[in-house]
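What follows draws every value from the coordinates through simple rules; no lab data is involved. Computed from a predicted structure; not experimentally measured. Using ideal geometry, Cβ is built from the backbone for each residue, glycine included, and neighbour counts are taken over all protein chains shown.
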Amino acid sequence: MTRTLSPACPASTERRRFGGLLPHRMLRWRRPVWWQEIAIIAVGYWIYTLGRNAVPEQEATAFRHGRSIQHLQDVLRLNWERSINHFVAGTEWLAQILDYYYATLHFAVTIAVMVWLFLRRAHVYRGARTVLVATTMFGLLGFYLYPTAPPRLLPQYGYVDTLVRFHTWGSLADPSIAEHSNQFAAMPSLHVAWALWCGIAIHTCARRQWVRVLGLAYPFATLVVIVGTANHFLLDAVGGAAIVALGFGLQWLLSGHGAFVAPVGVNRWASAGTP
């Protein structure tokens, strides 16, 4: 008598793919609407600004944390920041360029990349935006839990505040600017976090090779700027990279796919031109 083998059931042998925590209907493709996105970003930034400046500055704690980071970097022999800062401070034209880079590109490039994704890469815009918003909120949490004085406020270690020395626009030494900002919101570095988000987005979604290379160079240039102007420690930059990773992790947890992966039901035209 011949024995007949029944075929294995695919449902019992294949592991079910994780589909994200959000309901399936929220993960399907919908073209982003400009006024909704502006409203989301405006409300998010408003909440971020309120939270950032409402966090108690805790001056004594912030200076203690700043000294602790300096000590840790000395122990780890990551104390080459002062050499870069002194080189920048000794070359006025270079210091002016880096100071204005620090004061302007942080917002300008991030907004430009968001608009570009919205217009030209709409199929991945929502995922990328979720990463950026989550990264920013993680940064706010870091400011609350670990207020930190930046190197420029620790002159006993030999740092030079280039914004003050060269009277650059945007200096926190200006009372009208300082009163609207928390000077101890240094750990993690949102300058590095946002620059890294921009770099990943450009490298992933751009078609031209030179643009992709430029995208990767942007966060490294930002790292040089924050160190050269004594606005952040190197470990602040490490913290910035960490919250970007958390932002991507949260986005994956919510959606079940990467930030730059097209969602379910995306139109063919929406993803046209993406490498």
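Quick look at the numbers
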{"item": "Calculated on alpha-carbon atoms, Rg and Dmax of segment 46-140 in Å", "result": "18.3, 47"}
{"item": "For segment 101-166: rounded, prolate or oblate by the Cα gyration tensor [a/c cutoff 1.5]", "result": "oblate"}
{"item": "Contour excess over end-to-end distance, with Cα ends at Phe220 and Ile47 and 0.36 nm allotted per residue", "result": "59.4 nm"}
{"item": "Full-stretch length increase - Ala60, Val164 - with 0.36 nm per residue and alpha-carbon distance subtracted", "result": "35.2 nm"}
{"item": "Ile111 versus Val211: modelled label distance in nm, points set 7 Å from Cα along the beta carbon direction", "result": "2.1 nm"}
